[in-house]
Structure formats: C-alpha cells, structure tokens
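Step one of this worksheet: look at the structure below.
The values are calculated or read from the model by the stated rules, or taken from the named source; none is laboratory data. All of these numbers come straight from a predicted model, not from anything done at the bench. We place every Cβ from the backbone using ideal geometry, glycine too, and count neighbours over all the protein chains shown. Please note that ligands, DNA and RNA were not included when accessible areas were found on the heavy atoms of the full protein model with its side chains. Shrake-Rupley method; radii C 1.70, N 1.55, O 1.52, S 1.80 Å.
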Amino acid sequence: EEGRVYPGSPPTTGAVTGLGEAMGWSEVIQPEPDDEREARPRALGELKAQKPGEKSERSGAVRLDSHAVRVKIAGSVARTEVEEVFTNQTDDVLEGIFRFPLPPDAKIERLALEVDGKLEEGAGVDRERASAIWRGAIVNAAPQLRQEIKDEIVWVPGPWRDPALLEWQRGGRFELRIFPIPRRGSRRVVLAYSQLVKQSASVRHYSYPLGFDPSGTSTPLDFSIDVQVRGNDPKFRVRAPGWDVARDQNDGAEHLRFDAKTFVPSGDFGVDYALTDRASEVSAWAYRDAAASGTAAQPYVAVALRPRLPKQVEAGPGRAVALV
C-alpha cells in the first residue's frame, strides 16, 4: 500500500500496483554495508568471468560482441527481447557472470541459452534448488571442486545441458551465470521481459535503458534495436527523439530500426506514441495467447477507467463517486 498526506486531513492509504517503479529512487540513495557495496552495472550490463573454482573474477576475459533488441508494442503493453553474444578471449574454459539492470516494472518472460546451435529454453525453479543444480553442474565439470563446495548439490542425470542460472539480486538488478564459455569460443543468450507502457499527457513513452558512460571506457559493439508499434493513432507520428532511425510500415505496424557496427551508448532509446482512445473515459483490450494450451490459452480482457470527476470548489462535505 501507499500513503498520501494532504494538508488539514488525516493520511489516506490505498493499494499501489507499481510499487517497484514508485520506489525505484530508493535504489540510488540506499546505503549499503561496506562489504556489500559494489559498482552499479551499466545499462547494457556488466560481464565478468572466472575459471570454476577460482575466487576472483577475471577482468576483460569475456567480451560482449553484439547486442540485439526486438521490441513489440501492442496498445499499452511492450515486450522486449534482448539477444547477447559473448566471446571468451582466453585459453581457459570460463564461467560467465552477467549483471544487468531491468526497468523496475519489468516481468521476465523468457531465458534461453544456445546449446549446439539450438536455443534451450529455461524454466522457473525454486531458488535453492536452482542453486543446487548449478553447483552440481560445476562439480560435474570440475570434480576436484567437490571438497570445496559444502552446500547441497543436485545432479540431473540424462543428456546434460549447459546450465544458465538467472537470479534476482536487488531492486531491478539481475545476475545471469553461464557455463561453459569455451576457450576462444562464444555463447548466445536470449532474455525477454514485458512491461506496461504508461500514459503521460495523452502520450505513451517506451524506454529501453542504455545509459551514458562518462568515463568513456565503454567498448564499441554491434548494436541493433527493432521496434514494432501496433494499435497507435496514425494521426500521431511515432517518434524516437534523438535517434536516426529507419522507418516503414510492416504488416500494419509502425516499424522503427536502428543499426550500428561500432556503437557506444550515450543515452536511453525512447519511443513516443499515442493510442486512438487516449481521450475516452473507458478503454478495453482483449488478449489470447495462441501458442498456449489448456487454461493458459483462455482469453482475457483488461478495462481501464479514466472518470472525469468534478473538483470540489466549495467548502463542506465532499462528493462521493461510486464505480460499479
């Protein structure tokens, strides 16, 4: 819940749907103990690696070669899919640790790791069991570490798949562990999340965080972002302020694309658009996942109410409005 205080009246409380976003500012000022303080990952993420069994991470051992983003916006909902390719620059088999931030209101939908040229989809598992499975995979790859790992391990028999472990750390920060990254080899990982694109002054603004590195030490990489917008008002031009994007119409959707071979981020990528019903008091959207089965395939509808309530202009009892 959230509380609001108005002059001359007691505090009022009510449910809040975007608590992560509302409290996002606290991540900036929240003090941390000295033994937990660490640099915030950049918007593109921070990749470190270590040899299984080593205590310290190797700086610069793994390079982020490419970063491709695909965004599909339908009405007020956006789905963002990020594809990363990492390359091991050493002669050792390494365990990669990728730390990255996500928007505070993002809901992770997909994690996939390329194994033998095919993307293997991840699954949700209890955190403790997932960690035990990860330790089991490491011990299987490096048996000499069994004496050092005191925690429980779980070994999954059968055809072994290269493991990837995604864990929430704090706020909007996540950590993804990938093993193995072969000697002088590459790994490809795909991560997808969805979020609500909120309206402000009749315009909706989607933002993909890229940030800015004032030190100028960011390594250039292959970068692309592809955005499709559906359900927008054609009278309001879809814009990406500050970005030189190519645009066209693709299967009834507004299509924006940006590509760069030696890209260094200098700010977030944003898209502004408006919906046809942005001035109405009631809006509705229907959705059905055609790829799902069983109860997950059942359609649902969302209704948004924006009642124009009269202001109280005279002193005395307030006006009560009930929505049923």
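Note on region 237-259: residues that are surrounded by fewer than 16 Cβ atoms within 10 Å (Cβ to Cβ) and more than 22 Å from the chain's Cα centre (by Cα) amount to 10. The single condition among (1) part of a strand (DSSP E or B); (2) closer than 22 Å to V264 by Cβ that G60 does not satisfy is (1).
With respect to the conditions (1) open to solvent by 90 Å² or more (accessible area, probe 1.4 Å); (2) at pLDDT 70 or above, D226 falls short on a single one, namely (1). Taken over region 226-279, the criterion of being touching a Leu at 6+ places or on another chain (Cβ under 9 Å) and among the polar types (S, T, N, Q) is satisfied by Q228, N232, T262, S266. Annotation: of all residues in region 283-309 being surrounded by 10 or more Cβ atoms within 10 Å (Cβ to Cβ) and over 17 Å from V77 (Cα atoms), the one that is modelled with the highest pLDDT is R306.
Checked against the criteria, Q312 counts as in contact with a Lys or Arg (Cβ under 8 Å, 6 or more places away or on another chain) and at pLDDT below 75. For first residues located in region 160-183 and open to solvent by less than 60 Å² (accessible area, probe 1.4 Å), partners that are among the acidic types (D, E) and modelled with pLDDT under 75 and lie 6+ apart or on another chain with Cβ distances below 9 Å form the pairs G171/E27; G172/E27; R173/E27; I178/D162; F179/D162; P180/D162.
Taken over region 40-63, residues that are of a type outside the set (D, E, K, R) and open to solvent by 40 Å² or more (accessible area, probe 1.4 Å) amount to 3. Candidates are the residues of region 120-151 that are polar (S, T, N, Q) and assigned to a helix (DSSP H, G or I); the one that is modelled with the highest pLDDT is S131.
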